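The values are calculated or read from the model by the stated rules, or taken from the named source; none is laboratory data. Everything numeric in this text was worked out from a predicted model, so none of it was measured. Reconstructed Cβ throughout: ideal geometry from the backbone, glycine too, with neighbour counts over all protein chains shown. When the accessible area is computed, the model is the full protein with side chains, heavy atoms only, and any ligands, DNA or RNA have been set aside. Shrake-Rupley method; radii C 1.70, N 1.55, O 1.52, S 1.80 Å.
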Amino acid sequence: MTTAVYPGSFDPITLGHLDVARRACGLFDEVILAVGANSSKSHLFDSRQRLDLARLALQEAGVGGLRAEPMDGLLVDFCAEHGAAAIVKGLRGGADFDVEQPMALMNRHLSGVETVFLLADPALAHVASSLVKDVARHAGRIDDLVPAHVAAALASRAAPASTPAPTKEI
Ligand code: PNS
């Protein structure tokens, strides 16, 4: 039984993430999405919401051997706890590689765990959580970038605060 961990902040999960996760399932018996926090980013959704959005997306994708778990602390410790043979990451281009290379080397330095990179589907290479959030913030169309429940969650975040009902002065 080979297990791989696909880590990320998944803020929120996109169709690009799902494509990488689905293809990783063709290489490993079990793939665990580790929903963590990126200390260099401020997240729109809290850790529970990111996990719930990811879990529903995986459930709807209906791919066997794929599940999401919360990750606190070091990724290499999460990998050891789950007996993972490898870390999986998606690469959309050179900029992703520049970010991922030092992390892959650090994780191998810390524990010996290898990182396997999967090239993003070119049709999804522009799909980044940060861009999706920006498009949603400006009421742009995101229904072909994220699962429907994620689009709904983003729309509810982007909705302007309701105007308080006028109060009657006495
Ligand atoms: O989707 P992201 O934001 O690129 O995910 C980054 C994440 C959460 C995978 C990364 O920050 C991480 O691995 N965090 C866990 C803490 C850790 O192990 N840090 C050392 C990384 S070399």
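So which residues in region 19-46 are of a type outside the set (Gly, Ala, Ser), at pLDDT 95 or above and within 14 Å of the ligand (Cβ to nearest atom), if there are any at all? Matches in region 19-46: 20, 32, 33, 35, 43, 44, 45. If you go through region 1-11 and keep only what is under 11 Å from the mean Cα position of the chain (by Cα) and away from the ligand (no atom under 11 Å from the Cβ), you end up with nothing. Of all residues assigned to region 58-68, none qualifies as being farther than 17 Å from residue 23 by Cα, open to solvent by 80 Å² or more (accessible area, probe 1.4 Å) and either at pLDDT 95 or above or not in a helix (DSSP H, G or I) (or both). Scanning region 5-17 turns up no residue that is at pLDDT 95 or above and loosely packed, with under 15 Cβ neighbours inside 10 Å. In a residue-by-residue description of region 32-51, the property of being over 26 Å from residue 136 (Cβ atoms) and not small (Gly, Ala, Ser) applies to at least one position.
Would you pick out the residues in region 74-100 that are over 15 Å from the mean Cα position of the chain (by Cα), touching a residue at least 60 places away in the same chain (Cβ under 8 Å) and not in a helix (DSSP H, G or I)? Spell out how you get there, then give the answer.
To start, the set of residues in region 74-100 that are over 15 Å from the mean Cα position of the chain (by Cα) comprises 74, 76-86, 93-95, 97-99.
Filter once more, keeping what is touching a residue at least 60 places away in the same chain (Cβ under 8 Å): 78-79, 82-86.
Correct list: 82, 83, 84, 85, 86.
Take the conditions (1) over 18 Å from residue 148 (Cα atoms); (2) not basic (Lys, Arg); (3) not in a loop (DSSP other than H, G, I, E, B); residue 51 misses just one of them, which is (1). The single condition among (1) of a type in the set (A, V, I, L, M, F, W, C); (2) open to solvent by 50 Å² or more (accessible area, probe 1.4 Å); (3) assigned to a loop (DSSP other than H, G, I, E, B) that residue 127 does not meet is (2).
If only one of 148, 139 is out of contact with any His (no Cβ under 8 Å at 6 or more places or on another chain), at positive phi and open to solvent by 60 Å² or more (accessible area, probe 1.4 Å), which one is it? It would help to see each step written out before you state the result.
Values: 148 fails: at positive phi.
Answer to the check: 139.
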